[in-house]
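Laboratory data are not the source of any read-out in this text; all were calculated from the coordinates shown. Worth saying up front: this structure is predicted, and the values here are computed from it rather than measured. Because the Cβ atoms are built from the backbone with ideal geometry, glycine has one as well, and the counts that use them run over all protein chains shown.
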Amino acid sequence: MGADRMGKKHEKVAVTAGCGKDSLGAVGVAGVAGVAGATAGCGKDSLEVAGATAGCEEDSLGVGGSAVGCEENSLGAVGVAGVAVGCDEDSFEVVGASAGRMEKILEATGVTKEYIMGEVTVRALRGVSFDLYDGEFVVVLGPSGSGKSTMLNIIGGIDRPTAGSVMFGGKDLSNASERALTAYRRTAVGFVFQFYNLIPNLTARENIVLATELSHDPISPDELLKNVGLGERGSHFPPQLSGGEQQRVAIARAVGKNPALLLCDEPTGALDIQTGVQVLRILKDFNKQYKKTVVIITHNSGIGGMGDRVFNIRDGLIDSVVVNDAPIQPEEVNW
Ligand code: ADP
């Protein structure tokens, strides 16, 4: 048993029996589930976020409570009320936490990213290590060019590190197959960008449906529209909405597929203060309501006060990690 940065104790819970080669039967926090249901016989490269994962095939990521009978390279991983049984040899990873404790969902170790530009090598990340926990709200602060977006893109499976590992559900994203990485992006991660990236000739609702249709466990688009205060605007096209409204649709779209991680790159960067506060309020509410891990990168240090933890990045390194015992509300952010 050890203590994480948030001062909460974690323990390895040995509940895996005979897992498959390289498979990971994993994990759980009894009674904190959030996601219900059982997933049996996941296909190759599938990625399941569910209560129980049984019989996963190669390269699949089962993110769920129980992993049963996993095959080679599969990941029955993570989460809630977890018991893994019937997997084969060489398996590893039984990550667990007892009820009421936060569970680690992602672990980055020694991540570097270099871009070679002719004669010049740009070292965007110079060996960063950090964990992300289930349901936490993390703010990544740092000046322009410090490596924030590079870090988010690597966590999100958009980019791969030059060196280091990023473990999610027991699997290393840095050397996952393209198909597994695509499945990870589609199902486990929701992205929110500074400039919304909505499809202009689809309505607000259709933009959300586009994402929810990719998910095995989506949240209702109408519920999402209502929750972002746009219940009456679902039939409107993005150009008919203000910047703040478009960002709210973009958040609904990102959350709609019910991902484990919500990654936001300067989500308030293009908004005025009042609208920015509304957007942060929605992110915070989603974090609480749907128990999503939210990571926001920003150069606005005032937003740091909202984070359960704040990663300060400078020149490709995490300078410090600050734990906020009493995070402030979006309305209290000093812009
Ligand atoms: P931030 O998000 O903090 O502004 P970035 O992660 O975007 O920082 O960039 C970190 C460094 O990596 C910068 O020097 C940037 O110019 C460089 N960089 C980012 N992406 C690329 C790329 N695709 N090619 C070359 N250099 C890049």
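Tabulated data for the structure shown
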quantity: Those residues of segment 243-278 whose amide nitrogen sits under 11 Å from the label point placed on Asn300, 7 Å along Cα→Cβ; calculated: 266-278
quantity: Coil-residue chymotrypsin sites (Phe, Trp or Tyr not before Pro) of segment 267-318, DSSP, other Cβ within 10 Å capped at 13; calculated: none
quantity: Cβ-derived FRET efficiency at R0 56 Å, Glu232 paired with Asn334, nearest 0.05; calculated: 0.95
quantity: Trypsin sites (Lys or Arg not before Pro) within segment 253-335: DSSP coil, no more than 16 neighbouring Cβ in 10 Å; calculated: Lys291
quantity: Calculated over segment 214-308: convex hull of Cα atoms, volume per residue (Å³); calculated: 100
quantity: Taking segment 104-332 and dividing mean pair separation by its residue count, relative contact order in percent (alpha carbons under 8 Å, at least six apart); calculated: 28
quantity: Long pairs among Lys257/Lys288; Lys148/Lys257; Lys104/Lys226; Lys257/Lys291; Lys171/Lys292; Lys104/Lys291, criterion Cα-Cα beyond 22 Å; calculated: Lys148/Lys257; Lys104/Lys226
